[in-house]
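Please read the structure below before turning to the comments.
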Amino acid sequence: MKKYWIFTTITISEYMAYRMNFFMWRVRQIIQLLVMYFLWFAVFANQNVLFGYTESMMLSYVFLTALLHTYVLGTTTNGLGEMINDGRLTNFLTRPIGFFKVFMARDAADKFLNLICSVVEIAVLILILRPSLSIQHDPMLLILTLITTGIAIVLFFYFSLIIGFLGFWTPEIWGPRFLSIIIVEFFSGAMFPLDVFPGMVKTLSLYLPFQYLLYFPASIYLGKLEMPAIFFGICVSIGWTVGLYLAATIIWHRGLAVYEAQGR
Amino acid sequence: MKQYIRVYGKLVSMNVSSLLAFRSAFIANLISSTAWASFTFFSIFLLTANVPVLFGWVRDQVIFLSAIYAVYYGLFQVLFAKNFGQLAVLIDNGELDGFFLKPIDAQFLTSLSRIGVTASIRIPMGIGFMYFFGRQLGVTLSLQHGIFFVVSLCCSLLLLYSVWMNILLCLIWNPRLSNLVEVLFTVSGMSRYPSEMYKATSEVLMYALLPLTLTTVVPVKLLFGTVSWQEYVLLVGLTLVFFITTRIFWLFATRFYTSASN
């Protein structure tokens, strides 16, 4: 475990070495949050309820998904495809370390930093904007929100790994990566709660794993789901996570069989 | 001028050839761009589905604004966006030297050497929505209106280019700020919404974003026939000021460029 802890601390040091660059990334997250906040604030200017959400519920959803977004969807596996293409993967293969565990350790560092920054930023924005928010007081729902968030983190980690493993077969990662980002952003509920979608799109979103990344934990927090639905969702999300883990493992071994270490 | 047009023609054909050499990448990027443009429009449709008026703009007007944004931002993506992404890398790696050594203006080359062909899918999509919702809104286009509209669109494009270049030239002093490009993408995206959205929150914010919000609002209002001559002159004036400033800043900033890696 100690060697993976070192990867975590090194990743934190990397981010802190280029503090301004990290700060710019945080500025981007704040701007995105503010745009969504202003939009929904304007939408609710003349209505009390929309899509089954009150203003406080929707603004709570916006802030909560912004918080979840940074550490559920934040990952260091984005550069995995390029790492495979230019041969840097060899550095990991020739060392006595588990590849998946290394990236988990690096992700842990990324999420830790992003979580701290997000909490501070959102706290400051709440103090400045003073939105009306829904605060959850049920400890059971809060615990379930944390559990489902943990599952979401692992689920997205394996999904992102699979996208990165495309680098074993194609030098062009950007297109598939960007497409996956669009699909995840849309169907995870980052842009809108999934229950505002029209019939067919909503049905499609229910069959995909992405709803368990942001929408599902946020819905639990907002108290929009009954207990049976919550436990069913947890079971399905665990199933998706296990399935993606198995898929990632199989693709990893198949990829290693064709890996040529170009450039090394 | 003829030399620059000839060189640009060569750059375009090189970019297209490069793109077609990697057909799978071309198709993947085209699908990504189409998906992004589609989701953007779908988001606006969804947002305005139950909201007849948003900041004083009716639903069809908001969608029309998004369509104009798709056209002009699509043009920006085709002509400039890839070059700005590359600029950050060139400065960081110290590879800008090659551009200075060519017998042609370096700013011209760094700004236009790469073409984002696949991003062009947004332009016909935007034009399609403009046509459809323009008819719904009763927008009619006379020759005079058309000329003014094209001029305003060109000014919007040039203004956005100038804002980006002025900000990204700061990378010469801080090459590691690669995320600045991401911030600019996000800030530029704010101009797809009515400027009144920012005015309602903060007058200071609205004026800070004024160059960007003008880029879409003025062409749209021109077509609606509601633009004031002050707004039009402001757009043209800001474009000239920013563009001239960009050139001056380019000449100033490049004096501090050090090719550390070469």
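A short reminder: the numbers here are calculations on the coordinates, not readings from a lab. Keep in mind that what you see is a predicted model, and the values were worked out from it rather than measured. Reconstructed Cβ throughout: ideal geometry from the backbone, glycine too, with neighbour counts over all protein chains shown.
Restricting the stretch A:122-171 to residues that are under 23 Å from the mean Cα position of the chain (by Cα) and in a loop (DSSP other than H, G, I, E, B), which is farthest from residue A:27 (Cα to Cα)?
A:136
Would you point out which residue out of A:65, A:75 is in contact (Cβ under 8 Å) with a residue 60 or more places away in the chain and outside any helix (DSSP H, G or I)?
Sole residue among the options that is in contact (Cβ under 8 Å) with a residue 60 or more places away in the chain and outside any helix (DSSP H, G or I): A:75.
Considering only the stretch B:104-127, state which residues are outside any helix (DSSP H, G or I) and either more than 28 Å from residue B:27 (Cβ to Cβ) or of a type in the set (A, V, I, L, M, F, W, C) (or both).
Across the stretch B:104-127, the qualifying residues are B:104, B:105, B:115.
Between A:168, A:159, which is in contact with a Phe, Trp or Tyr (Cβ under 8 Å, 6 or more places away or on another chain) and closer than 18 Å to residue A:84 by Cα? Before you say what the answer is, go through the steps one by one.
On the way: A:159 fails: in contact with a Phe, Trp or Tyr (Cβ under 8 Å, 6 or more places away or on another chain).
The conditions single out A:168.
For the stretch A:173-184, give me the residue count where each residue is under 14 Å from the mean Cα position of the chain (by Cα) and facing chain B (nearest Cβ under 8 Å).
2
Tell me whether the stretch B:155-176 contains one or more residues that are outside any helix (DSSP H, G or I), within 14 Å of another protein chain (Cβ to nearest Cβ) and either in contact with a Gly (Cβ under 9 Å, 6 or more places away or on another chain) or surrounded by 19 or more Cβ atoms within 10 Å (Cβ to Cβ) (or both). Show your work before the answer.
Within the stretch B:155-176, the first condition is being outside any helix (DSSP H, G or I), and the residues that meet it are B:173-176.
From what's left, within 14 Å of another protein chain (Cβ to nearest Cβ): B:173-176.
Add one more test, that the residue is either in contact with a Gly (Cβ under 9 Å, 6 or more places away or on another chain) or surrounded by 19 or more Cβ atoms within 10 Å (Cβ to Cβ) (or both), and what stays is B:175.
Yes.
Report, ordered by the first and then the second residue, all pairs with beta carbons closer than 7 Å, sequence separation of six or more or different chains, a first member in the stretch A:192-210 that is closer than 23 Å to residue A:33 by Cα and within 13 Å of chain B (Cβ to nearest Cβ), and a second member that is among the basic types (Lys, Arg) and surrounded by fewer than 20 Cβ atoms within 10 Å (Cβ to Cβ).
A:194/A:202; A:195/A:202
Would you point out the residue of the stretch A:30-39, among those that are touching a Phe, Trp or Tyr at 6+ places or on another chain (Cβ under 8 Å) and at the interface with chain B (Cβ under 8 Å from one of its Cβ atoms), that is farthest from residue B:197 (Cα to Cα)?
By that ranking, first place goes to A:35.
Considering only the stretch A:40-57, how many residues are part of a helix (DSSP H, G or I) and at the interface with chain B (Cβ under 7 Å from one of its Cβ atoms)?
Residues in the stretch A:40-57 being part of a helix (DSSP H, G or I) and at the interface with chain B (Cβ under 7 Å from one of its Cβ atoms): 2 in total.
Against the definition (touching an Asp or Glu at 6+ places or on another chain (Cβ under 9 Å), surrounded by fewer than 16 Cβ atoms within 10 Å (Cβ to Cβ) and more than 12 Å from chain B (Cβ to nearest Cβ)), how does residue A:219 come out, yes or no?
For residue A:219, the condition - touching an Asp or Glu at 6+ places or on another chain (Cβ under 9 Å), surrounded by fewer than 16 Cβ atoms within 10 Å (Cβ to Cβ) and more than 12 Å from chain B (Cβ to nearest Cβ) - is not met.
Exactly one condition in (1) within 20 Å of residue A:181 (Cα to Cα); (2) within 14 Å of chain B (Cβ to nearest Cβ); (3) of a type in the set (A, V, I, L, M, F, W, C) is not met by residue A:68; state its number.
Only one criterion in (1) within 20 Å of residue A:181 (Cα to Cα); (2) within 14 Å of chain B (Cβ to nearest Cβ); (3) of a type in the set (A, V, I, L, M, F, W, C) is unmet by residue A:68, namely (2).
Based on this model, can you work out whether residue B:19 counts as under 22 Å from residue A:185 (Cα atoms) and surrounded by 15 or more Cβ atoms within 10 Å (Cβ to Cβ)?
no
Of everything in the stretch A:7-29, what is more than 9 Å from chain B (Cβ to nearest Cβ) and either aromatic (Phe, Trp, Tyr) or outside any helix (DSSP H, G or I) (or both)? Give them in sequence order.
Those that are more than 9 Å from chain B (Cβ to nearest Cβ) and either aromatic (Phe, Trp, Tyr) or outside any helix (DSSP H, G or I) (or both): A:7, A:15.
Pull up the stretch B:227-249, narrow it to residues that are of a type in the set (Phe, Trp, Tyr) and under 15 Å from residue B:158 (Cα atoms), then point me to the one that is surrounded by the fewest Cβ atoms within 10 Å (Cβ to Cβ).
Out of the qualifying residues, it is B:243.
Of all residues in the stretch A:206-219, which are within 17 Å of the chain's Cα centre (by Cα), among the aliphatic types (A, V, I, L, M) and not in a loop (DSSP other than H, G, I, E, B)? Show your work before the answer.
From the stretch A:206-219, those within 17 Å of the chain's Cα centre (by Cα) are A:208-219; that's our starting set.
Still in the list and also among the aliphatic types (A, V, I, L, M): A:208, A:213-214, A:218.
Scanning the stretch A:206-219 gives a single hit, A:218.
Do we have residue B:38 as hydroxyl-bearing (Ser, Thr, Tyr), assigned to a helix (DSSP H, G or I) and within 17 Å of residue B:137 (Cβ to Cβ) here?
no
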